[in-house]
Amino acid sequence: MNIRLRHDAIARTLRRNGTSTIDELAQEVGVSRRTILRDISALRDQGFVIHSESGRGGGLHLDPQSVQTTARLSVAEVFALLISVSAMRAAQNLPFSDLADAGLAKIEKALPSDKVRDLRRFLDCLHIGQLSPHQDISDLGPIDPALLPAFETAFLQQHHLRFQYRDAKGAQTSRQIEPQAMLILSPLWYLVAWDPARDDFRHFRMDRVSLPEMVEGTSFRRRYVPFQKDVCPFRERLK
């Protein structure tokens, strides 16, 4: 569990239980007492009011009126919000899309400059096109939520990505690739990558990808991806 997920788990546990001890929280998230103490300090810095009560029956108590005062949205989360709002806008018949768009604009303005830079670089990797009417999508499955943050790290740091892939016939293989782009052919999403083992580009359906992990100590160069003529950068749709 990473730091951000651990902080969310601690805040959620305190809200749910009212009062918890350091030992209970440590057991809940699987870390040491010292780590929990550091996490509590970090949560207080973020605006949460957490009281400490000593003695028997004491523990940590989260003021139910306290709220987080610092934004902690990740680049991947804002990326997902952008795509969702853009989909609402494209549908044209959904209510509140303009309001969602305005809310997202406020979130973007509140992001630190380094996150804005990373968001733009991440969006530059995303392309969109039209799905062929002959494409079989009868086996379309859910996309692993772990993919987006793993892709973000691999794309921005230009590290190889390793994952398990299930092909159309159900055969499972382990792949290590150089991620170059993401492609939306709604409702299908693809990871477009250079596959060193095959010395060529490959398109991996994201609903068939599992267990993604960045490969430390690796690097790659950006390559020109030969998309079809009807495919365009996603950021052009945002204008």
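Computed from the coordinates by the stated procedures, all read-outs in this text should not be read as laboratory data. No experiment lies behind these values; they were computed from the predicted model shown. Ideal geometry is used to build each Cβ from the backbone, glycine not excepted, and the neighbour counts take in all protein chains shown.
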Nearest 10 degrees is fine. How inclined is helix 3-17 to the longest principal axis of the chain, computing both from alpha carbons? 50
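Could you work out how much longer the chain between Ala87 and Ser174 gets when fully extended? Use 0.36 nm per residue separation minus the Cα distance between them, nm to one decimal. Each step should come with its number before you reach the end.
On the way: separation 87, 0.36 × 87 = 31.32 nm, distance 3.24 nm.
Length gained between Ala87 and Ser174: 28.1 nm.
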To the nearest 0.05, what FRET efficiency results for Leu99 and Arg235 with a Förster distance of 22 Å applied to their C-beta separation? 0.50
Just add up the charged neighbours of Leu156: K/R +1, D/E -1, any other residue whose Cβ is under 10 Å from the Cβ of Leu156. 0
Two-site FRET efficiency, Gln65 against Val116, from Cβ-Cβ distance with R₀ of 25 Å, rounded to 0.05: 0.20
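Could you work out the relative contact order of the range 103-201, using alpha carbon pairs under 8 angstrom and six or more residues apart, expressed as a whole percent? Mind dumping the intermediate values first?
Values: 104 pairs, mean separation 24.7, N = 99.
Taking the mean separation of contacting Cα pairs over the length of the range 103-201, I get 25 percent.
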Nitroxide proxy distance, nm - points 7 Å out along Cα→Cβ at Arg222 and Asp195: 2.5
Extension gain from Gln158 to Ser41, taking 0.36 nm per residue of separation minus the Cα-Cα distance: 38.8 nm
What relative contact order, as a whole-number percentage, does the chain give when Cα pairs under 8 Å and 6 or more residues apart are counted? 15
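How high is the FRET efficiency from Gln135 to Glu53, r the C-beta distance, R0 45 Å, rounded to 0.05?
Working: r = 60 Å, r/R0 = 1.34.
Efficiency, rounded to the nearest 0.05: 0.15.
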Report, in deg cm²/dmol and to the nearest 500, the calculated mean residue ellipticity at 222 nm for the chain, where each DSSP H run with n ≥ 4 adds -39500 (n - 2.57) and the sum is divided by the residue count. -12000 deg cm²/dmol
Between Lys109 and Asn17, with labels modelled 7 Å along Cα→Cβ, what's the label distance in nm to one decimal, could you check? 4.1
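With a cut-off of 8 Å between alpha carbons and a minimum separation of six or more residues, what is the relative contact order of the range 154-214 in percent? List each step's numbers first, then the result.
Numbers: 114 pairs, mean separation 20.6, N = 61.
Result for the range 154-214 is 34 percent.
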So, in Å, what gap is there between the alpha-carbon centers of the range 96-127 and the range 198-235? 22
